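The values are calculated or read from the model by the stated rules, or taken from the named source; none is laboratory data. Bear in mind the structure is a predicted one, so any value in this text is a computation, not a measurement. All Cβ positions, glycine included, derive from the backbone under ideal geometry; neighbour counts span all protein chains shown. All accessible areas refer to the heavy atoms of the entire protein, side chains included, with ligands and DNA or RNA removed. Shrake-Rupley method; radii C 1.70, N 1.55, O 1.52, S 1.80 Å.
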Amino acid sequence: MTWTLRGTDLIARAGLAMAALGMIQVLCFAGFASAPSYAASGDAAVVFTSVSITDTGVTLTGTVRNLSPTALYKTQVILWLDPATMTSRNSLQAALDTNPDSDTGKLISGTASTATITTGTEPFAPDQTAAFTVSATWQELGISADGVYLAGVHVRAADQASGTSQTIGKGRTLITLATSLTASSATVVMLTSQPSLMQNGVFADDHLAEELTGRLAALLTLAKQKDVAWVIDPGLLHELSVMAQGYSVWEDTSTITGTGQTDAQSWLDAFEDLDTNRGYRMPWGNPDLTLGTTVPAAVLALNEIDEESEDLWAQLPLLVRAGNGQIDDHFIGFVSALQPQILLGAVSANANLPNARVLNTLPIALPGGPGPDEPDTALHKTQRAIAEAAVSDTTLIRVIETEEDAELINLPPWVSMVGLELVTASVPWSADLSLGTPEGPLTTGISPTVRQTQTTMATYVSLIGSTTQAVAAGTRGVAAVLSQSWADDDQANQYAATLDAWIHELMAGVTMTASTEVSLTSRTSSFPVTVTNHLSFPVYVQIDSRVVPVDASPAILSIPRSEIVMIQPGKKMTIALSPTVTREGDVDAILRLTTPSGAALGSEVTVRILARASSWMGWVVVGSAVVLFGVGTYVRVRSARSKNGDKEVSDE
């Protein structure tokens, strides 16, 4: 069907539409004028600053901030509680997973449980912050049983002085009633840091100088506490030992004096006072062992300890942990070659291996709270740690790696601290005990970098002499690239690039000079080449060469590789190269300075060699003439004697 609108119809319908629109506007205006005033949920932010739990009740203090673009009125902070009791790890996790905007729980009415921020005539301005304190007795809360509870506050306000108050923000935390609870906890302090040492007292940066008075100082303080276990990276001890002797920091193409020498020695002195009965060592350099076969065997070999070593760390049992705090059967199989005594990871039960224990740890030492407010504050982490202790039926092991966590691990008296050596395992290890796949901060994408670093360090090792100590020094550089202390591949790659650039800058400190042109006067003449060692340590070098005929010259000439020579720091040495000339002519000899392994050091010179017959070929002619003259004389003498003999026979 086709509809046709005439002009008069259009005019009439337009008039009706305008009238209807006017009626809608009137109704809408009337509706807005009579609707109750309210502020949107999420227009206020809550931050808790303390939770006080006593025998009589709970007190929450904190701040509230107006996030709305307009002023708020009748602003109040009211204590809130979810009365459901949590007594197991599963129930705790379920509560943490609940939607923070759900309507579970109840508001606690009362004078002490309500904090009035503003009244109906007093505005709470945009972005304004106010402090609050709310409290209630256990009886008012309706709580009598030991356990963990969700508690917090609701923020209520209106956006007009005469409006109706609505909930515009919430905050939740965990509170624990423990009138008769007991629990145990173990703390493990990881003493490690991002690698920085390159070689010979030169560091890539000076971050350790800052950490020695910050993060590492806080961790060392915690490690001194009774029953706290500690784990040391031998690579960190090595770096600090170098720092304590005086060190430099490399910047582009030059070095500056490091600032942490005194602090390094002080830290080492304090470290020696730690109780070794609570000490463990991690694999050298704290390598990311979740990479499996990507980790070179030489890096693992760094952990072969000399039983007669006097180093403190050498006598400590080995402890292994993946970067994400997980563990599985494959990981255990790979690291078993290191013969660790303890493996830490998130497992469903502590388990025994033939010569080790697998101990359950929290993947995150101090995880955050329930939200919706910022969950990772110090208060939320502390309250959750207390709650986890209350609901766990085993000893919880926390691995502490940060300064913040070291300062927060302060549990109530009913939680007893135990040493790691007292945490027992009652079942044999089986693959189904794993709670996740171990991962580290690095990926297999780091493999090309590792191979390049191996090549670079092998060149350095050859330069300084292939002793056991030199090989270990080179392997430490590779281990540093694989450190779990890096946040990701990019950080590891950046360190490797700095190390590579510094090694090549270092090798450029060994130079070679020679005459630009040499004339050979005999078939086996020699010419000198001078090598200078500008470095602060001895080096071992050789010279090899490549010969290129000049302008299609027929010359045939070879230069054997020189002997390996050792050059002392700051000294020069003259090395004689002895070409062998087979055919005269002109050649360019391209000389290259190398390590004994044949790796180029970067110093290269070209020498024009003029192999001429005018001298030594003349002597060859003279020598040939002498030989021919001698042969001719000999033949004539024999011929004359033969004739004389024949004559004597005929006379008879």
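Computed from label points 7 Å out along Cα-Cβ, the spacing between His504 and Thr394 is 5.1 nm.
Using a probe of 1.4 Å on the protein chains alone, the accessible area found for Glu122 is around 90 Å². Rounded to the nearest 10 degrees, the angle from helix 7-34 to the longest Cα principal axis of the chain is 80 degrees. For the stretch 100-164, the Stokes-Einstein estimate of translational diffusion at 4 °C and a viscosity of 1.567 mPa s comes to 90 µm²/s, using the Kirkwood hydrodynamic radius over alpha-carbon pairs.
Given a 1.4 angstrom probe, what's the average accessible area per residue across the stretch 237-277, in square angstrom? If you can, show how the numbers build up before the last one.
Details: 2250 Å² over 41 residues.
So the stretch 237-277 comes to 55 Å² accessible per residue, rounded to a whole number.
Between Arg451 and Leu338, the simple spin-label model (points 7 angstrom out along Cα→Cβ) gives 2.5 nm.
Loop-located trypsin sites (Lys or Arg not before Pro) across the stretch 214-276 with a Cβ neighbour count of 12 or fewer within 10 Å are Lys226, with loop assigned by DSSP.
Helix-only mean residue ellipticity at 222 nm, the chain, DSSP H runs n ≥ 4 weighted -39,500 (n - 2.57), per residue, nearest 500. What is it?
On the way: 15 runs with 198 residues, N = 652.
Dividing the helical sum by the residues of the chain leaves -9500 deg cm²/dmol.
The stretch between Glu374 and Met566, if pulled fully straight at 0.36 nm per residue, gains 62.8 nm over its current Cα-Cα span. Rounded to the nearest 10 degrees, the angle from helix 613-651 to the longest Cα principal axis of the chain is 40 degrees. Computed from the C-beta positions of Met573 and Asp551, the FRET efficiency with R₀ = 30 Å rounds to 0.35. Per-peptide packing, taken as the mean over residues of other Cβ atoms within 10 Å, places 379-390, 539-550, 274-285 in the sequence 379-390, 274-285, 539-550 from highest down. Against the chain, whose longest principal axis is taken from its Cα atoms, helix 468-481 shows a tilt of about 40°.
Here the contact order of the chain, divided by its residue count and restricted to Cα pairs under 8 Å and six or more residues apart, works out to 11 percent. On the chain, 53 percent of the accessible area sits on carbon and sulfur atoms, based on a 1.4 Å probe.
Using the average count of surrounding beta-carbon atoms within 10 Å as a protection proxy, the listed peptides 178-187, 560-569 rank, highest first, as 178-187, 560-569. Here the extension length gained between Thr119 and Ala431 equals 106.1 nm, from 0.36 nm per residue of separation less the Cα-Cα distance.
Loop-located GluC sites (Glu not before Pro) across the stretch 230-280 with a Cβ neighbour count of 13 or fewer within 10 Å are Glu272, with loop assigned by DSSP. Segment Thr56..Asp489, full-extension length gain: 150.6 nm, with 0.36 nm per residue of separation and the alpha-carbon distance subtracted. Label-to-label distance for Gln265 and Ala145 is 6.2 nm, based on points extended 7 Å past Cα in the beta-carbon direction.
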